[in-house]
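Heads up: the structure comes next, in structure tokens.
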Amino acid sequence: IKYDNSIVQNPQLPRKVEDRSLTVFTDASWQNLNGIGSTGGRAMFLNGGGKSFAVHWAAHRLRRVCHSSQSSEIMSMNEGLNDAAYIRTMIHELSQVWIEAEMITDCKNAFQALTKTTAPTDKRVKCEAQAVREALLEGEVKRIRLVRGETQLADVLTKRKTNPTDFLHIVQTGASLEQLGY
């Protein structure tokens, strides 16, 4: 396979770490693994200076059986929070600065369970949701944003027949999430 490195650019992030932020896209596909489980995925981008740089992405079978799409989405959010905490801590250890992070989801049902007064009925999902709420209250993430499904960058990690164009464009060029409408 011949690799064309002419399209890959290193994004120039601002020198001041305080001017950087982390965006975490999380997504899940409920019961998509032929009766053995659901898939969770997350993609993380370091932003600043009009550029975004993909620093981590992953997808795998969720560790527990999920009884709803809401539970799989919230479980995936917790995994995204764990990865974001690791990245933020590494940056803090190097710079002594805590960068802000925001989380992006396309699941309205999970978003409402986390940001409104209605709680999930399943006890395990309540615990998972509380962990996300606590991260929000403690400032581990500045906010959780709800986006339309077609603008969820992590979809390419959890679903078939999704368009990876935007995800690959950001990875290859360092294009800003804001410039692409995220």
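The values are calculated or read from the model by the stated rules, or taken from the named source; none is laboratory data. All values derive from a computational prediction rather than experimental measurement. Just so you know, the surface numbers come from the protein's heavy atoms only, side chains and all, with ligands and any DNA or RNA stripped out. Shrake-Rupley method; radii C 1.70, N 1.55, O 1.52, S 1.80 Å.
In the chain, the portion of solvent-accessible area held by carbon and sulfur atoms comes to 51 percent [1.4 Å probe, whole percent, DNA, RNA and ligands not counted]. Compute the Cα gyration tensor for segment 57-109, then decide on rounded, prolate or oblate, letting a ≥ b ≥ c be the square roots of its eigenvalues: rounded whenever a/c is under 1.5, prolate when a/b is larger than b/c in the other cases, and oblate in all that remain. Prolate. Once you reduce segment 45-59 and segment 81-149 to the center of their Cα atoms, the two points are 17 Å from each other.
Close amide H pairs (under 5 Å, H built 1.01 Å from N) link residue 100 with 22, residues at least 5 positions away or on another chain.
Phi angles across segment 124-135 convert, under the Karplus curve 6.51 cos²θ - 1.76 cosθ + 1.60 with θ = phi - 60°, into 3J(HN,Hα) values of 5, 5, 4, 5, 4, 5, 5, 5, 5, 4, 5, 4 Hz, Gly and Pro given as x. Computed from backbone phi, the HN-Hα couplings of segment 17-30 come to 4, 4, 8, 9, 8, 10, 10, 10, 9, 10, 8, 8, 10, 7 Hz, rounded to whole numbers (Karplus: 6.51 cos²θ - 1.76 cosθ + 1.60, θ = phi - 60°; Gly and Pro given as x). What angle, in degrees between 0 and 90 and rounded to the nearest 10, separates the Cα long axis of helix 69-95 from the longest principal axis of the Cα atoms of the chain? Between helix and principal axis, roughly 40 degrees. Measuring between alpha carbons in the structure, the pairs from 51/108; 123/161; 116/159; 108/161 lying more than 23 angstrom apart are 51/108; 123/161; 116/159.
Considering only protein heavy atoms, what per residue accessible area in square angstrom results for segment 27-140 with a 1.4 angstrom probe?
Result: 51 Å² per residue.
Residues whose amide H lies under 5 Å from that of residue 56, counting only those 5 or more places away or on a different chain, are 44; hydrogens are built 1.01 Å from N in the peptide plane. If you sort the three axes of the alpha carbon gyration tensor as a ≥ b ≥ c, you get a/c of 1.5 or more for the chain and a/b no higher than b/c, which makes it oblate.
The value of relative contact order for segment 74-182, using C-alpha pairs under 8 Å at least six residues apart, is 27 percent.
Summarising the strand pairing of the chain, around 70 percent of its internal DSSP beta bridges are antiparallel.
Mean residue ellipticity, 222 nm, helices only, the chain: the sum of -39500 (n - 2.57) across DSSP H runs of n ≥ 4, divided by residue count and rounded to 500, is -11000 deg cm²/dmol. Amide H contacts of residue 106 (H built 1.01 Å from N, in plane; Pro and chain starts excluded): 147 sit under 5 Å, all sequence-distant by 5 or more or on other chains. In the elastic network of the chain, a GNM with C-alpha springs shorter than 10 Å, the most mobile of 140, 79, 18 is 18.
Taking a straight Cα-Cα cut-off under 15 Å and skipping sequence neighbours fewer than 8 places away in the same chain, the aspartates and glutamates within cross-link reach of residue 142 are 18, 19, 100, 102, 134. Once C-alpha pairs closer than 8 Å and six or more residues apart are averaged by separation and normalised to the residue number of the chain, the relative contact order reads 28 percent. Classified by the C-alpha gyration tensor, segment 83-182 has an oblate form. Its axis ratio a/c, with a ≥ b ≥ c, is 1.5 or above, and a/b does not exceed b/c.
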